[in-house]
Every structure is written in C-alpha cells, then in structure tokens.
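Have a look at the structure below, then the notes.
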Amino acid sequence: MPLIVGNGPVADEFRGGVIAVGNFDGMHRGHQKVLELAGAKAKALGAPLGVMTFEPHPRTFFRPDQPLFRLTPLDLKADLMHAAGADYVFALDFNAELAGLPAEAFISRELHERLGARHVVTGYDFHFGKGRKGSPDLIAAMGADLGFSSTVVEQVTDDDGLAPFSSSSIREALRRGEVRGAAEQLGYWWTVRGKVVKGDQRGRTIGFPTVNIEMVNDGHPARGIYACRVRCVETGESWRGAGYVGERPTFDRKGVVLEVYLLDFEGDLYGRTLSVQFNSYIRPDHRYEGVDALVAQMTADCEDIARQLAALEREDPIAAHRLGQAQRAGTV
C-alpha cells in the first residue's frame, strides 16, 4: 500500500478518491468506524479510499515540552489503516507553515487542489487550521462550492453505548496496565514495533537472554512484566514471550527499556524488526535482593505466561474485531 509522506505534489493516480481525515493515533474502534463509512462511500462511488494524517502529531508540534505517549508510530499506523481498508495513506508534514494555514486554505489547497477529493469523511470532533477554527461543518459548506461532498461520523461508543473510544483513555488504560481494556477499545492488542538492538547482554548470564527493542521514550505502559506474542516483520515467524518494560532496578539501570525473553527461541535477531503484542499484565516492576531471587521470580513468570498465552491462542476475544483478526493472521 502506498504511503505518501510530505506536502509535495501528488501523482494523478492518488487523486480523486474518498479521503478520511484525522490524527488516528491508535487506530482505535472509533477511527475504524470512520474508515468503514469512508470505505462504503468509496465503493458506492467506485473510487479509491485514501487516509490523510499528520506527522508529527500536532500536539507534539505545539507542546514539544510535553511528550505525547504515541500509541502507533507512522509505519504501524499505516499498516493498520491498510488492514482497515485504506488504499493509500497521506502523511502530511505538520510544520509551522501547515500549522499557520487558515482552515479555508487547508480545505481548498490540501483536500481540493492537491488531492482532488470526491468525498471527505471526518469524525465529529475534527478541528483543524490556524487556531483550530476548521470544523466538519466548514468542510461541508466549502465542499458544496468546490465540488465534493462530505460525511461526519458521530461519536463511537462501546457495546453498551456508554464509554466513547478515545486515544487518551487508551493511553491511561495502558499506563495502569489494563491491557485487555485497551485492546477492547483498540479492536486489536496494543503493539510496539521496533528493531532489535544490542543491550548489555546481562540476561544471558542468568539464563534468560532477551531481545531489546527500540522504544520511543515519550510515554510507556505500566512498568513491569507482560505476556507477549512476538512476530518478526521480515520473516513472519512468531513466538511467545515474557516482556519487560522498566528500568531494571535490580541492576540500577537508568532509562526505560523493552526487553522480551522468547520462550521457544534460540538464535540471533539483531537488526530484525519485531512486533510485540501486549496480551496480559503479569505483575509490576520490583527490585530483588540478588540475582537468585530475580531468577526464581522470572521462572515462575514464564510458566504463568506460557499458560496464559496457550489459552489465548485457543480463544482470542479480540480476534472478533477486524484488526484483531488481521493481527492474529500475522498481516499487521
């Protein structure tokens, strides 16, 4: 699937589609509803479905001193969008020029002139342009003059119709270690994707060699031990894993890391890109008095994780959702 990054001209083959617009951090079930309705409109018009998003996240641009816990970096977000039906993704560079662009100019320049949109779909709370003065109503009014139509997707809530899906509530759930709750809102298990890098190899000395995954240190889930399913993006191989997010207090290490001990693997994965699904929160981080106590606890953790993941592989409740199915099939 084409991922078109930047604010330059767009090839004719990517113009004239139905365009879903938003930040889409997390690609949660509310975002998926936007793409679902946009996809239905694209099918009715016989047009491709494109998604417009922004990099970096606008909040990061406006508040660089307040790091944002990003749920989905661009590459993962684009893959999730593709699994949700997108034919291509436009990732606009959210820079000072774009931030200062009046809402009317954004509609005429980006949606009409650059993308030649036939139809635009947004969430009910999408605001844009200088001073966030743009709204779905403005898109509808200007679209009528410029020759495109639009759809507004109302707030999407859980199955009980009570709690709306939101990126903020998912971040808070993950900070509390509520992995299943976050997955119910996302419609898939929250995932970190990154390259395997060299660590200090301390795990090898105590019988638990781990792979170390690059993490963007702008925000993290609860520190501690997780049951994880791990997939190699390049080869499609997958393994069960015991994941650790924290600062390794037993060894007085500083800086949050993601390490995963693969339960059924021996070998070298340096330089490979891994997707790490967070499937269950096992326990909080803890400082142990000596390596023997740590090893005993890790042994018990791995036995618990193996049982939990075996049960999850037999029956995965999140696979009832479209992106959960794609994740289980190893396509995202």
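Quick note: the coordinates plus some simple rules give every number you see, no bench work behind them. Source: prediction; values computed, not measured. Cβ placement follows ideal geometry from the backbone for every residue including glycine, while neighbour counts extend to all protein chains displayed.
Which of the lysines could be linked to K33 by a straight reach, that is with a Cα gap under 30 Å, when you skip same-chain ones fewer than 8 residues away? Counting by Cα, and skipping residues close in sequence, K33 has these lysines nearby: K41, K43, K77, K130, K133. Placing +1 on the Cβ of each Lys and Arg and -1 on the Cβ of each Asp and Glu in segment 245-332, which of L263, Y281, P317 has its Cα farthest towards the positive end of the resulting dipole? Farthest towards the positive pole: P317.
Each 10 Å bin from 0 upward holds the following percent of the Cα-Cα pairs of segment 179-329: 11, 43, 36, 9, 0.
Computed from backbone phi, the HN-Hα couplings of segment 179-190 come to 5, 5, x, 4, 5, 5, 6, 6, x, 6, 6, 4 Hz, rounded to whole numbers (Karplus: 6.51 cos²θ - 1.76 cosθ + 1.60, θ = phi - 60°; Gly and Pro given as x). Taking every DSSP helix (H) stretch of at least 4 residues in the chain, weighting each as -39,500 (n - 2.57) and dividing the sum by the residue count yields a mean residue ellipticity at 222 nm of -9000 deg cm²/dmol. Under a Gaussian network description of the chain, with springs only between Cα atoms under 10 Å, the residue in R15, R63, R272 that fluctuates furthest is R63.
Shape call for segment 30-118 from the C-alpha gyration tensor, a ≥ b ≥ c root eigenvalues: rounded (a/c under 1.5), prolate (a/b greater than b/c) or oblate? Taking the square roots of the gyration eigenvalues as a ≥ b ≥ c, segment 30-118 is oblate.
3J(HN,Hα) couplings calculated from phi for segment 10-27 with the Karplus curve 6.51 cos²θ - 1.76 cosθ + 1.60 (θ = phi - 60°) are, in sequence order, 10, 4, 4, 5, 9, 9, x, x, 8, 10, 8, 10, x, 6, 6, 5, x, 6 Hz; Gly and Pro show x.
Each of T299, V196, A326 was placed along the dipole of segment 179-329 (beta-carbon charges, centred on the mean Cα), and the one lying farthest toward the positive end is A326. Amide H neighbours of V153 under 5 Å, at least 5 residues apart or on other chains, H built in the peptide plane: list them. Here T122, G123, Y124 satisfy the definition.
Just checking the listed ones, L294, L92, L37: in the Gaussian network model of the chain with Cα springs under 10 Å, the one fluctuating most is L294.
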